[in-house]
1. Using a Gaussian network model of chain A with C-alpha springs under 10 Å, which one of A:214, A:116, A:204 is most mobile by mean-square fluctuation?
2. Residue A:206 to residue A:110: extension gain in nm, 0.36 nm per residue of separation minus the Cα-Cα distance?
3. Per DSSP helix of 4 or more residues, -39500 (n - 2.57); summed, then divided by the residues of chain A. What does that give at 222 nm, rounded to the nearest 500?
4. Normalised radius of gyration for the range B:7-85, please: alpha carbon Rg relative to 2.2 N^0.38 Å, two decimal places.
5. With r as the distance between the Cβ atoms of residue B:10 and residue A:10 and R0 = 45 Å, compute the FRET efficiency 1/(1 + (r/R0)^6) and round to 0.05.
6. Please state the relative contact order of the range A:7-247 as a whole percent: Cα pairs under 8 Å, 6+ residues apart?
7. Between residue A:23 and residue A:89, what length in nm is gained on full extension when 0.36 nm per residue of separation is reduced by their alpha carbon distance?
8. Rule-of-thumb check for the protein assembly as shown: C-alpha Rg over 2.2 N^0.38 Å?
């Protein structure tokens, strides 16, 4: 590998839930590979600059990345407008999200540069989505949950679009799990992270949780006040190492 | 954490965006991560025409402190305006 790795980036079409034609940001390392791959799930505000940057970071570290726009079905000229429309309608359903992830997974496995092993990684609400997807898509090979909140919810928080408590899918996750959390976060707070860990431990799942002092929610986001330099650098190293360990 | 919390209010009027004036019938208000503002959380308002459902909107993302000042400013403006026009 050259010290400065090149990459190819483009916006690609993929077949989402119900066969709907979706769009995704795609970045792959230059070269024939084969490379491992990962799906990245954006947070609630949508398909933004930062999720593209995160996708390129994976590609720079030898991992093909694809970041689907979860709101591609919504009207609106721009991704932020689509996100606003989706929010006003109560957000995407978990079923639709899983269908879109299956489509992104199929896209990745069809690429000749992909070695066939694919992980999934989500941030914030995307962390919750990744947890659900890992439970419902058995062929995923690794999951990274970055500060996903509402993984354990009360029954009263369940809705027609989100009908199942995500933690109920824990028993179905058969790939290794990496969790990255800030100890100053309010959702998930340290107690919620502990509860999730207890469940995974009890079920005998393969997991590693990393909790960072001096960091709150979304501390990888370099353009926001919550960014924490040292914790973010270490967290990204954990992500690259985890994916290469389980997907190479 | 991103939430699905949203406050909706009906209203009548117009808003001006990049494509000029549009009729609006509601505002969606939420306090969550912004798309653009360099804040961890912001008070976001989307002025939309929900009946047409085009996805067009006039949006703001402002800090919580700014939002509270804006509330005061709106109340003060209405009070003074009504007095002046009485």
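Rule-based calculations on the coordinates, nothing more; no lab input. Source: prediction; values computed, not measured. Here the Cβ positions follow ideal geometry from the backbone for every residue, glycine too, while neighbour counts run over all protein chains shown.
1. Among A:214, A:116, A:204, the largest mean-square fluctuation in the Gaussian network model of chain A belongs to A:204.
2. Numbers: separation 96, 0.36 × 96 = 34.56 nm, distance 2.75 nm.
So the chain would gain 31.8 nm between residue A:206 and residue A:110.
3. Mean residue ellipticity at 222 nm (helix-derived): -10500 deg cm²/dmol.
4. That works out to 1.21 for the range B:7-85.
5. On the way: r = 42 Å, r/R0 = 0.94.
That gives a FRET efficiency of 0.60.
6. Over the range A:7-247, the number comes to 16 percent.
7. The span from residue A:23 to residue A:89 would gain 21.7 nm if fully extended.
8. 1.05
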